[in-house]
Amino acid sequence: MQIYIQALNFPLTDALRNHTKRRLGFALSKRDDHIQRVIVRLSDINGPRGGEDKCCHIQVVLAHLADVVIEDTEADLYVAINRAAD
């Protein structure tokens, strides 16, 4: 399974990249044979102003089926990643 991770409006750290890959690996491993790729877009909507503005957008591209898109926005990006992966 190919996982592409993009960070918008902030630098992508190794810790965030590893956490995202690990969570998606756990969540999607049982369906790995049907998944062509996963595209993850992490963003900080309000920038330094803060608030519940950390967004995790996950697009799962499946063979012969429509894409599955999940999005969650939280104050903590790790929480947004966990909730979207769940």
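Determine by what factor the alpha-carbon radius of gyration of the chain differs from 2.2 N^0.38 Å, reporting the quotient.
Working: Rg = 12.8 Å, N = 86, 2.2 N^0.38 = 12.0 Å.
Ratio of Cα Rg to 2.2 N^0.38 Å: 1.07.
Kindly rank 54-61, 65-72 from highest to lowest mean number of other beta carbons found within 10 Å of each residue.
Details: 54-61: 19.9, 65-72: 12.1.
Answer by packing, highest mean first, reads 54-61, 65-72.
Taking only Cα atoms, what is the 0 to 90° angle, nearest 10, from helix 14-28's long axis to the longest principal axis of the chain?
40 degrees
For region 1-60, with only Lys/Arg (+1) and Asp/Glu (-1) charged at the beta-carbon, what is the dipole magnitude about the Cα centre, in debye rounded to 20?
140 debye
For region 1-48, what's the radius of gyration and Dmax over Cα atoms, in angstrom?
So, for region 1-48, Rg and Dmax equal 12.2, 40 Å respectively.
Using helices alone, what [θ] at 222 nm do you get for the chain, with -39,500 (n - 2.57) per DSSP H run of 4 or more residues, divided over all residues and rounded to the nearest 500? Please list the in-between numbers first.
Values: 2 runs with 24 residues, N = 86.
Roughly -8500 deg cm²/dmol at 222 nm, from the helical runs in the chain.
No lab work stands behind these numbers, since they all come straight from the coordinates. The structure presented is a predicted model; accordingly, all values stated were derived computationally and were not measured. Glycine also receives a Cβ, built like all others from the backbone with ideal geometry; neighbour counts cover every protein chain displayed.
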